[in-house]
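A short reminder: the numbers here are calculations on the coordinates, not readings from a lab. Note that this is a predicted model, so its numbers are computed, not measured. Positions of Cβ are generated from backbone atoms using ideal geometry, with glycine treated the same way; all protein chains shown enter the neighbour counts.
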């Protein structure tokens, strides 16, 4: 799929970098990371190879930039929600809202981890940062609720979240997945449905 540009594309600077990452994100969401070549990103973004490689020495550098931007988005969402008193339904909805994004093909971090198995690869470092951020946020939610064993339970909720996102992709039932996740969280924290 090629995008027609309704506005002039940027000529240089951070806007070019952002435009390349935008094009890459659209392609990764639709086709997967490994299936998308640098040439495909270039065709989508409408820039030359020289421009591309000036900003990203390798395709993996684009992947890191894409995931870093996703991580920033998640970090901002967590920051916005900080201090709000969420019940388990709101937490489940927040953990699964990603399924409502256009061209959803699963969690970008889970997908990247599957496509980059080396735990020392820079892509996996961003994935690890995401998981740490999420576990910390879930643990803080559990702490505000007075839940014991919060680190262990946070890891269990994270696993449930991962499974919920896969189920959402496979089943296309966002509401059902969010309800099931909320029920599972309730069981873990001792709040019956």
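Using per-residue counts of other Cβ atoms within 10 Å, averaged over each peptide, order 31-40, 125-134 from highest down.
In decreasing order of mean packing, 31-40, 125-134 become 125-134, 31-40.
Have a look at 124, 145, 69 and tell me which one the Gaussian network model of the chain (Cα, springs below 10 Å) gives the largest fluctuation.
So, out of 124, 145, 69, the one fluctuating most is 145.
Multiplying the sequence separation of residue 143 and residue 39 by 0.36 nm and subtracting their Cα-Cα distance, what value in nm do you get?
Difference between extended and current length: 32.7 nm.
Quick one: among 92, 26, 178, which has the greatest mean-square fluctuation in a GNM of the chain with alpha-carbon springs under 10 angstrom?
Between 92, 26, 178, it is 26 that shows the largest mean-square fluctuation.
Among 120, 87, 61, determine the one that fluctuates most according to a GNM of the chain built with springs between C-alpha atoms less than 10 Å apart.
120
Just how far, in whole angstrom, is the range 18-52 from the range 164-191 if you go by their alpha carbon centroids?
Comparing the Cα centres of the range 164-191 and the range 18-52, I get a distance of 33 Å.
Kindly express, to the nearest 10 degrees and within the range 0 to 90, the angle between helix 59-81's C-alpha long axis and the longest C-alpha principal axis of the chain.
The angle comes out at about 40 degrees.
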